Amino acid sequence: MVLGSSTTDHILDTAGKYDSVVFISGSSAVEKFSRYIPDLDSVRGDLTKITLNESDNIKNVRNYQKIVKVLIDRNVSSDSLVIALGCGEVLDLAGFVVSTYKGGMDYIPVPTTLLAQIGNSVSGLAGINFANHEDVICSRSTPSEIIIDSHYIRSQTNDEIRDGFVEMTRYGIVADHSIISMLMTAEDVRSFRESEGICKIIGKAMRIRAEEMSQQDGKRNVATEFGRIMGSVLGEIHRNRVTYGQYMSAGMLLEFFLAERSGISVKNQRDTLNSVLDRFGIKRSSLKDAGIDTIVKKLDERFPGESTPIRLLVPDEPGKSQRIEIGKDRIFSLMRSYTELYEFVPSQ
């Protein structure tokens, strides 16, 4: 992992060792960060540039096929290096290409959002969407290097940084409370963006994600699983109307509530989450707006069968978690109770 300021220049050192280099990037990232991207035309080997027009569904089979066709037409070998620069969706698509084209290629992700830096770049998995199902086609992708440049963070919008805050908070709640303490030293989004310790907290979050993904026992994926089921359902229903941070924070709070109603004491954890969300102005997406009936229907699709319970993994304290199971006959009433307690707006 190469982490710091102006580290994107490091890709020239690595790219110079290859006879063939493929540069995959998102169109908005190239436009926004052009001053930070080194001149790859100077590398000694053959250079193939692929620019993706970013959309809400860039990670699809069609774009995968287009990239593979370019690689075939350019006679790109498996000994080539692929460099991907952009948001998480760009990295996922590029990672899937890297892990499946001709048995695998060397790969360097250069994430340009905070969420991608602590998530997609170190997740170890690359997925594409199919038939309205997110990441349903997946493969394992292990980068040769990961380049994290703090310049990109300082150019992000507040909402983009808030998305990363929610992910960092999840890692802190699940595995290491010092991340929460580090986040809470910032007064607001702007002060975090300009802080000297930004690389330290990014590195800590990346290590937690990498360690979670490398575990082979039952503890694996706790950081990525908590809040994911309820959050992703809300994100699917609210598609393009709320941010990642908004639907994932709502997912974590809802899963905490379900854990409490299942007899697990998580109030301190829930209060910690709310404190971070409030401090940085992160809104929660609404269950009421999504529709409880619609949420239940989506959950039924993920857990098919009338007797199949909803299974969730919830942290009761940093480093420890518990698995809960909730019957489908109970989930509707619990979510209605949640909206009455936390989404009730008195009439004027």
Pairs where the first residue, in the range 121-145, is assigned by TED's automatic domain parsing to the domain that holds residue 84 and on the phi > 0 side of the Ramachandran plot and the second is hydrophobic (A, V, I, L, M, F, W, C) and not in a strand (DSSP E or B), C-beta under 6 Å, 6+ apart: 124/213
Which listed residue is β-branched (Val, Ile, Thr), closer than 30 Å to residue 160 by Cβ and in a helix (DSSP H, G or I), from 276, 296: 276
When residues of the range 115-141 are limited to those that are in contact with a strand residue (DSSP E or B) (Cβ under 8 Å, 6 or more places away or on another chain) and of a type in the set (S, T, N, Q), the one surrounded by the fewest Cβ atoms within 10 Å (Cβ to Cβ): 139
Residue among 89, 54 that alone is at pLDDT below 95, touching a Cys at 6+ places or on another chain (Cβ under 9 Å) and in the same structural domain as residue 13 (by TED's automatic domain parsing): 54
Out of 112, 169, sole residue that is of a type in the set (Ser, Thr, Tyr), surrounded by 22 or more Cβ atoms within 10 Å (Cβ to Cβ) and closer than 30 Å to residue 17 by Cα: 112
Residue tally, condition in the same structural domain as residue 28 (by TED's automatic domain parsing) and within 13 Å of residue 120 (Cα to Cα), over the range 146-166: 3
Per-region count, the range 8-35, residues closer than 30 Å to residue 194 by Cα and either of a type in the set (Lys, Arg) or surrounded by fewer than 19 Cβ atoms within 10 Å (Cβ to Cβ) (or both): 12
The lone exception for residue 82 - which of (1) modelled with pLDDT under 95; (2) surrounded by 18 or more Cβ atoms within 10 Å (Cβ to Cβ) it fails: (1)
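Out of 23, 33, report the one residue that is out of contact with any Phe, Trp or Tyr (no Cβ under 8 Å at 6 or more places or on another chain) and touching a residue at least 60 places away in the same chain (Cβ under 8 Å).
The unique qualifying residue is 23.
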Near pairs, Cβ below 7 angstrom, 6+ apart or cross-chain, from the range 246-269 (at positive phi and outside the structural domain of residue 311 (by TED's automatic domain parsing)) to any residue that is of a type in the set (Lys, Arg) and surrounded by fewer than 24 Cβ atoms within 10 Å (Cβ to Cβ): none
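The values are calculated or read from the model by the stated rules, or taken from the named source; none is laboratory data. Please read these numbers as outputs of a predicted model, since none were measured by experiment. Cβ: placed from backbone, ideal geometry, glycine included. Neighbour counts: every protein chain shown.
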